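All remarks here apply to the structure that follows.
Just so you know, all these numbers are worked out from the coordinates, no wet-lab data involved. Everything quoted here is computed from the prediction, not taken from an experiment. Every residue, glycine as well, gets a Cβ built from its backbone with ideal geometry; the counts of neighbours run over all protein chains shown.
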C-alpha cells in the first residue's frame, strides 16, 4: 500500500501582509456591547490590503454624508454572503452612517467565521468630522463584492508585478495614483490635529504624508536647528518637555522601526542581556513581543533603553544616519535624549506616540515628490499616498506640505520658549532639513528615478519625470 503524497506546504505569507493583519488586530477595540471597532483615522490610512464595505441603503451613499471613495456597497441584508467571497483572514472594515448598522454586520461576520472584522467608530459622521474626503458620485463606489483572484487587482485587471530592483515608469506611477484605494484625501487643518507624518520609506502599505524620518525625523531636525540657532545644548529634561508639549498640541507622533531591526534587538540585545533574558524567555510570537514592548517591567526599563537606543537596532534609516553621520549636524547626546524621552513617555501610556514596525525588504523603484496646485490653507485637501505599487515600492515625499509644517513647527517652538526668532528658526529648519533629506535619499535611493506627482485643484494627478537621485 503506497503512502499518500504529502500535501504541498502553502507559501509563506509576505511579512508586509502579516504586519497589516497584526496591526489591524491590535488596533481593534471592543465597545461595551462587545462590538469590534476601529477609529476612522486608522481606517483612512489603510491601503489595498483592507476591504471597506458600506452596509447602508444605496441612496444613502449619494446623500449628505456621501461615501468613502472606492468603497464596496454590501447592503446589510446581504452581509451574510461575504464569507463565501472573501478569505476568513481578510481584514474587513464595515461602515454605516454612525456605526450602529456596521456593528451589527461586524458581529454577524464574526459569528460566520471571519477573523478580522471591525466596524468604523462613529461611521461616516466621524469620517467627515475628521476632515476626510467623501464623494456622492454613484460611479465612485463598487456595487458588487467580488473575490479577488491571485494576481488580479480590484478592478478585475491583472496586476503587472515589478521585479525586485526594477525601476518604476511614469505609466506605472500614473496608474497607481489614479487608483482611489492608493490615494485618500484629508483637509490640512484636520491633518494637523489628527494626522501623522510618516517616513518616506516605501515599505509602508498605508496612505502617507511622507518626509524623511516622519514626525520623529522632523522634531529631531527642529531641535537640532534650535541648538544651532541659539548656540545652547538642550538638556534631556528640556527635550522631554518639548516632546510632551508637541503631542499635547499636534496629537499623534510617528516613529518607525522594521522587522530586521526588531529581530536584532530581541536576539542580540534582550535575549543576551542577563538583566532582561530571564523575563523574556517565554516570549515567542510577534504579537507577544509587541505587547511586552508596549510597557516593559519598570525594573527593566533602564536596561531596555540601553538597547533600544543603539544605532544598529534603529530600523529607520534616516534616524540611524542622524545618529551616526556628523554631516547631519545633530549632537549624538541630543538624539539619545530624544529617543529616551520617546520611549519613556510611550511606556508611561502616552497614546499619541506610535512605534510602527515596517516589514519586508526595501524594493523601492522610484522617488515621488507630491505637490499641489495653489497655496496651502487649513481647508486645502492633501493626498495621503500609498507607497506600495505592483509588488514594488515608492519613496513618498511631500516637500510642499512638509515645508508648511516646518514653519508651523518653528512658530510652536518659539511659543513654548525654545527659541525667539520664528523666521530665523523656520529658515534654519528648512536649510538643515534640505541637507539631511538629500543625504538620506542619496544613501537609500541613489540611482532611482524621481517623479513629481502634481495634483490639480480637482485632484487630477500629473506625473512628470524629474531626473534621478545622485549616488
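Stokes-Einstein diffusion for the range 15-130, with the hydrodynamic radius set to the Kirkwood value over Cα pairs and evaluated at 20 °C in a medium of 1.002 mPa s, equals 154 µm²/s.
Ordered by the count of other Cβ atoms within 10 Å of each Cβ, fewest first, 201, 421, 458 give 458, 421, 201.
Annotation: extensible slack from residue 411 through residue 466 equals 16.6 nm (criterion: 0.36 nm per residue apart, minus Cα-Cα distance). With Rh defined as the Kirkwood radius, the inverse of the mean 1/r over Cα pairs, the Rg/Rh of the range 159-291 is 1.06. Remark: spin-label model distance residue 252-residue 288 equals 3.0 nm, labels positioned 7 Å along the Cα→Cβ axis.
The value of relative contact order for the chain, using C-alpha pairs under 8 Å at least six residues apart, is 17 percent. Using a Förster distance of 60 angstrom, determine the FRET efficiency expected from the C-beta separation of residue 424 and residue 89, and round it to 0.05. FRET efficiency, residue 424 to residue 89: 0.65. Spherically averaged projected area of the convex hull of Cα atoms, the chain: 25.9 nm².
Computed extension gain for residue 78 through residue 129, at 0.36 nm per residue and net of the alpha carbon distance, reaches 15.5 nm. If you line up the long axis of helix 100-111 against the longest principal axis of the chain, both from Cα atoms, how many degrees apart are they, to the nearest 10? Here the helix axis deviates by roughly 80 degrees. Were the residues from residue 260 through residue 179 laid out at 0.36 nm apart, the gain over their Cα-Cα distance would be 26.1 nm. Considering the range 279-364, its Cα convex hull presents a mean projected area of 7.1 nm². Once Rg and the Kirkwood radius are both taken over the C-alpha atoms of the range 221-356, their ratio Rg/Rh works out to 0.97. Rounded to the nearest 10 degrees, what's the angle between the helix 422-445 long axis and the longest principal axis of the chain, both from Cα atoms, 0 to 90? The two axes meet at around 60 degrees. Each DSSP beta bridge with both residues in the chain is either parallel or antiparallel, and the antiparallel ones are about 35%. Could you state the angle between the C-alpha long axis of helix 332-347 and the longest principal axis of the C-alpha atoms of the chain, as a value from 0 to 90 degrees rounded to the nearest 10? Rounded to the nearest ten degrees, it is 40.
Summed over all non-identical Cα pairs, the Kirkwood treatment of the range 374-471 gives a radius of 15.7 Å. Per-residue Cβ neighbour counts within 10 Å put 141, 254, 379 in the sequence 379, 141, 254, beginning with the fewest. Placing a label point 7 Å from the Cα of residue 431 along the Cα-to-Cβ direction, the residues of the range 206-241 with a backbone N closer than 13 Å are 225-231. The modelled label-to-label distance between residue 232 and residue 376, using points 7 Å beyond Cα along the C-beta direction, is 2.9 nm.
Spacing of the modelled spin labels on residue 25 and residue 170, each 7 Å from Cα toward Cβ, amounts to 4.5 nm.
Bridge orientation summary for the range 15-130: considering DSSP beta bridges with both residues in this region, about 15 percent are antiparallel.
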